[in-house]
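The values are calculated or read from the model by the stated rules, or taken from the named source; none is laboratory data. As the structure is a prediction and not an experimental result, all values here were calculated from the model. In this analysis, Cβ positions are derived from the backbone assuming ideal geometry, glycine residues included, and neighbour counts consider all displayed protein chains.
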There are 2 protein chains.
Amino acid sequence: MSTVVVLGAGIMATALTFPLRDNGHEVRIVGTHLDRDIVESIQTTGRHPDLDLIVDPEITAYQLEDAEKAFEGADIVMSGVNSFGVEWVGEQLARLLKPGQIVLSVTKGMTADEEGNLEILPHTIQRAVGEELRNSVEWAAIVGPSIAGELAVRHDTAVVFCGEKQEVVDKLADMFRTDYYHIWTTTDFVGAEVGAATKNIYAFAAGFGEGMQLKEGDEANQRYRRLNLTAAVFAQGAVEMNRFYELLGGDPSMVRSLPGVGDMHVTAAGGRNVRAGTHVGSGVPFSEVRDSLMKGVTLEGVNAIVVVGEAIKKQIDRGVLEPHEFPLLRHLHEIVVDDAPINLPWDEFYRGY
Amino acid sequence: MSTVVVLGAGIMATALTFPLRDNGHEVRIVGTHLDRDIVESIQTTGRHPDLDLIVDPEITAYQLEDAEKAFEGADIVMSGVNSFGVEWVGEQLARLLKPGQIVLSVTKGMTADEEGNLEILPHTIQRAVGEELRNSVEWAAIVGPSIAGELAVRHDTAVVFCGEKQEVVDKLADMFRTDYYHIWTTTDFVGAEVGAATKNIYAFAAGFGEGMQLKEGDEANQRYRRLNLTAAVFAQGAVEMNRFYELLGGDPSMVRSLPGVGDMHVTAAGGRNVRAGTHVGSGVPFSEVRDSLMKGVTLEGVNAIVVVGEAIKKQIDRGVLEPHEFPLLRHLHEIVVDDAPINLPWDEFYRGY
C-alpha cells in the first residue's frame, strides 16, 4: 500500500481519492489557500461541499499550513490544482517535494513564452521546481474524459496515465485501477497532454449552436438544436488538435482516441466553458458574459483561448505557422479578446484533413 | 441551371432540395413505393409530412409510375433512399439512368459478400446497374454531419462531396453551395464513405450511458449522465473507424474531420439508433426493443451492426483480422443478434491508438 498526498482539494483531485481508497491506499488531502472551507468541511463533516459527497472516512484533510506534515513519507504527490494555479503549484512543490516521490498531475493546459512557444503544464511545473529537484522525482499525469462527479460515484471512466518512464506509469496505474476506473498507459507525455490541454478551447465553441437556437424566433428553426454546426465545429476542433500534435510533438494517433476526441467529446457535452459559449451564441458579447452573466466563474477554456490563441498569433507573425492555420482558434480568440460576434470562417476550415 | 431528379422522397433527399432551389435549379422528386403518401401530400398541399415543412412550390413530385418522365432530361440523379433500399435503387437506376447523367448518392452503409468482404454502398449500386451503364454515367456522394431538418431550415451545415472525378464533384458542389450549406470536395470516394457508413454503428452505443442512468436508483448516481462512458465509447468508435479506413483503403486523416468524428458526433447526439441503445442501456434485451418498444422503426445503425459485425467475424475466422480486433463492434453484434446484456470489453479497447 502506498501513501498519496493530494495538493488541492478540488473536485477532480478528490474524486481520484475514491479509487485510491477502494484499493486501500493511504490518502491525505492538502487544501490550497482557496480551499480552506472545503478542508474544514471534510475535517468536520466528511463532506466535500462541491462534490456533494462524503469522502472516505480514512482520508485526512490538512490546511495548507500543515502541508509539510502531510507530505512527510508520501510516495505519490498528486497535483490537483486547476490551470490558473500552475505557478503556485510550482512554488509549493519546490518547497514540499522530497527526492524519490512521484508527482502525478491532473492540471490541464499550456503556457506560452514571449515568443509564443507553447509548453505543456507538467513541463512548466518541472521548470518551476528547479533542475535538481526535478531530476530527483518522477513525473506523470492523468488525461482523458473524466467528469469528476461520475468517477466519484464509481461510474465507468476510461483514462490514460502518461509519464516519462513506463515502470512509473505502470505502478501508478496499478494503484488506481478498479473495475470502474479503466486505465491505459503511455510514455508519450507530450502527446497525451496536448489533447487534454486543447480540448477546453473547442468546448467553448460547442456551446454556440445551443445559444443560436435560443435567439431564433421562428418556430421551425426552434425545433432544431443546430447539431450540424456543433458537429462541424467539433470536426474542425479535431483538425486543429491534430495540428497541435504536429507542432508540439507527440503521437498523432492519440487525436482519435481517449486523450483526443474522447476528452473533447465529454468536455463539449457540458460544463462552464460550454455555457459561456452558449451565451455568446445567443448574441451576448463575451465581455458581458465574463463581467456579468458568469462573473467570478473559472473558465479554463477561455483562459486557454487567450493564452494559446495569443501564442499562435505570434507564431504566425514569426512565420513559423501559415496565416491560414488554426482558423477556429483565431476566431475564438477574437471573440473572447475583442468581443467579436460569431462569424465562423467556414472557408478556412478542414484544410489538410 | 441544371435539372435534378431525386429518387426517394425521404427527409434527407427533400432537405437537399432547399439549397438546390435557393440556387435556382429545377427539382423533381420521385417517391418510392413506400413514399406514396409523401408524394401525394407534396402534390396536394406542398407539405412534406415527415419534414413538416412546405417544399419549394416550383418542385414537381412524381409517383413511382411516372419516374421515366421525371428522369427525362435530368442532369443529376440523386439517390435518397435509405440503406435498406440499396438493392431496389440499383434495380431502378438500371432501368431509369441515361448515359451522361451524374448519380449523387446520399445513402449510407456497407454491404458484405459471403466471405465477409465489405463494400461501400455506391459500389454496390454501381454493380447493380451493370458495367456498361456504370461506365456511361458519373458517380458521387454526399457525406458529413447533416440532420436533414436543420439543413431544410437553412442552419449551417458542413459536408463533403466525394466522387471519382474532381471536375464532377466541383460541379456538384457549385450547384449545392449556399451561405448555409458549406461544401468541401474529395476524390477519395472510399475514404469519405467509410466514416459515413460506420458512424451509425457507434451511435447505437452512444445511447448506453443514458439508459444506464435511467435504471440507477441511487440519488448521487442519478445526478450524472455517464458522459465519461459515452466519451470512452466515442473514442473507441473513432479507433475502430480508423481501422476500417485501413481495411477498406481511404485517407485515414478523414477520421479526424467531417466524414469521421464530425459525422459520428452528430449521429451520437440523438436519433433512433441512439434511442434503441438507450433502451438496451436501461436493461431491456434488444429483441424486446426491436419487437415491441420500437417495433417497425427503421434502425440503420442496428442493421449496420448486423451486416458489418457478421463480416468482421468472418474476416477474423479467415485470419484476415486478429481475434482481438473491433472489440466494440463485436460486442454490439452480440447485443443485437444474441440479446447479450451490456458488458463492455474494456480490456480490449484502445489498442494501437
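Does the range B:254-266 contain any residue that is more than 30 Å from residue A:53 (Cα to Cα) and assigned to a loop (DSSP other than H, G, I, E, B)? Within the range B:254-266, one or more residues are more than 30 Å from residue A:53 (Cα to Cα) and assigned to a loop (DSSP other than H, G, I, E, B). Beta carbons closer than 8 Å, at least 6 apart along the sequence or on distinct chains, pair a first residue in the range A:208-224 that is at the interface with another protein chain (Cβ under 10 Å from one of its Cβ atoms) and farther than 22 Å from residue A:285 by Cα with a second that is among the β-branched types (Val, Ile, Thr) and assigned to a loop (DSSP other than H, G, I, E, B) for A:218/B:153; A:220/B:153; A:221/B:153; A:223/B:153; A:224/B:147; A:224/B:153.
Which of the residues belonging to the range A:56-88 are part of a helix (DSSP H, G or I), touching a helix residue (DSSP H, G or I) at 6+ places or on another chain (Cβ under 6 Å) and either under 26 Å from residue A:153 (Cα atoms) or modelled with pLDDT under 95 (or both)? Passing the criteria: A:83, A:86.
Only residues that are under 26 Å from residue A:48 (Cα atoms), among the aliphatic types (A, V, I, L, M) and part of a strand (DSSP E or B) were counted across the range A:97-150, and they come to 7. For the range B:173-211, the tally of residues that are surrounded by fewer than 24 Cβ atoms within 10 Å (Cβ to Cβ) and either within 13 Å of the chain's Cα centre (by Cα) or aliphatic (A, V, I, L, M) (or both) stands at 4. On the stretch given as the range A:240-267, residues that are touching a residue at least 24 places away in the same chain (Cβ under 8 Å), surrounded by fewer than 24 Cβ atoms within 10 Å (Cβ to Cβ) and either aliphatic (A, V, I, L, M) or within 7 Å of chain B (Cβ to nearest Cβ) (or both) total 2.
Restricting the range B:212-222 to residues that are of a type outside the set (A, V, I, L, M) and not in a loop (DSSP other than H, G, I, E, B) leaves a set whose member that is surrounded by the fewest Cβ atoms within 10 Å (Cβ to Cβ) is B:219. Note on the range A:28-55: residues that are within 25 Å of residue A:2 (Cα to Cα) and touching a helix residue (DSSP H, G or I) at 6+ places or on another chain (Cβ under 9 Å) total 15.
For residue A:302, are the conditions met, namely being buried (at least 18 other Cβ atoms within 10 Å of the Cβ), without any contact (Cβ under 8 Å) to a residue 40 or more places away in the chain and not in a loop (DSSP other than H, G, I, E, B)? The answer is no for residue A:302.
When restricted to residues that are over 24 Å from the mean Cα position of the chain (by Cα) and away from chain A (no Cβ under 14 Å), the range B:332-353 contains 4.
Residues in the range A:275-288 that are among the β-branched types (Val, Ile, Thr), surrounded by fewer than 24 Cβ atoms within 10 Å (Cβ to Cβ) and touching a helix residue (DSSP H, G or I) at 6+ places or on another chain (Cβ under 6 Å): A:278 alone.
For residue A:159, the stated conditions do not hold, so it cannot be described as part of a loop (DSSP other than H, G, I, E, B), under 19 Å from residue A:18 (Cα atoms), of a type in the set (A, V, I, L, M) and touching a residue at least 24 places away in the same chain (Cβ under 8 Å). When residue A:192 is tested against the conditions (1) assigned to a helix (DSSP H, G or I); (2) in contact with a Cys (Cβ under 8 Å, 6 or more places away or on another chain); (3) away from every other protein chain (no Cβ under 13 Å), the lone failure is (3). Filtered by the rule that a residue be without any contact (Cβ under 8 Å) to a residue 60 or more places away in the chain and under 23 Å from the mean Cα position of the chain (by Cα), the range B:65-100 gives B:86, B:87, B:88, B:90, B:91, B:94, B:97.
Total residues in the range B:140-158 satisfying the condition of being more than 17 Å from the chain's Cα centre (by Cα) and away from every other protein chain (no Cβ under 12 Å): the figure is 0.
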